[in-house]
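**Q** This is the structure, below, for whatever I ask next.
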Amino acid sequence: MTDRMVLFISDTHLGEGPKSQARAEEADLIRCLQSHQQRVSHLYLLGDLFEHFIEYDHLVPKGFVRLQGLLARWNDLGIPVTFLAGNHDPWNRTYLQEELGVAFEPDSVIAQHFGQTVYLRHGDGMSSLAQPYRRLKPILRHPVPTTLYRWLLPGDFGMALAKFVSARFGGKDPSPVAAGELRAIAQCILEETPIDIVAMGHTHIADLQHWKSGVYVNSGCWRDDRTFGRLDAHGLHLVRWNGWATEEVDAVAL
């Protein structure tokens, strides 16, 4: 169907800041997704959905059940949702898959949509600014330290420590340097592989670039700017949710 679409949303960071702010961000996201529900053929969450989400064997953090309910309902309706891990997402295990039907991918995904080969990932650890994190990332994602963290730290203390580390070292400000480097990396991917579209997040700066080799979209930061990406039969669009409707920021015909 020519009116179908694929959505790319990243960096919602739900749980960061006051509860009233987080509830408003969640409500905005739900309204936005509901407004597209009749046309969406796939939703990609490109990392950092939650500010800190540590899943224990029998416990998950409270909050944001309205969004989780929507994702579960979309799964029931046959609308696939894929969540690609970001730098704030090293603690997910089976909850998203088993309870909500969300496909969880720890690194990157290559998919086919509207005759285009799309490469998707969050984008953390790729820029020169991320060299210390790049060395730390394998440890954060390794099952041994993450399992020990859950075993040795009770739920409330483990979450409190995660919140402290996130607030102290989170680095959630927009990064023009990282944005430029991710753009250059995307261009290399497009030139050196059969990929047609590269979609990422992480930098908190929305971006849409078109070269002869393909197209790069960075969905930006939902938390700050309410921007996201949309792919349909007509092209790739960078759009913004204004609270009641979607406004087009930029677009590239494919």
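The values are calculated or read from the model by the stated rules, or taken from the named source; none is laboratory data. Not measured: the values here are computed from a predicted model. Don't worry about glycine lacking a Cβ; one is built from the backbone with ideal geometry, like all the others, and counts go over all protein chains shown.
**Q** Filter segment 36-51 for residues that are farther than 13 Å from Leu70 by Cβ and under 8 Å from the mean Cα position of the chain (by Cα) and give the result.
**A** Within segment 36-51, Tyr44, Leu46, Gly47, Asp48 qualify.
**Q** Kindly indicate whether Leu140 is at pLDDT below 70, of a type in the set (A, V, I, L, M), within 20 Å of Leu49 (Cβ to Cβ) and exposed (fewer than 15 other Cβ atoms within 10 Å of the Cβ).
**A** It is true that Leu140 is at pLDDT below 70, of a type in the set (A, V, I, L, M), within 20 Å of Leu49 (Cβ to Cβ) and exposed (fewer than 15 other Cβ atoms within 10 Å of the Cβ).
**Q** Could you tell me which residue of segment 173-204 is modelled with the lowest pLDDT, considering only residues that are small (Gly, Ala, Ser) and not in a helix (DSSP H, G or I)?
**A** Checking each candidate, the answer is Ser175.
**Q** Among the strands (runs of 3 or more DSSP E) contained in segment 215-254, which hold 3 or more residues that are under 16 Å from Leu43 (Cα atoms) and not polar (S, T, N, Q)?
**A** 227-232, 235-241
**Q** I'd like to know if segment 122-137 contains one or more residues that are under 15 Å from Phe8 (Cβ atoms) and modelled with pLDDT of 95 or more.
**A** Yes, some residue in segment 122-137 is under 15 Å from Phe8 (Cβ atoms) and modelled with pLDDT of 95 or more.
**Q** Specify the residue that is surrounded by the most Cβ atoms within 10 Å (Cβ to Cβ); the eligible residues are those in segment 198-240 that are out of contact with any Ser or Thr (no Cβ under 8 Å at 6 or more places or on another chain) and under 20 Å from Gln21 (Cα atoms).
**A** Arg226
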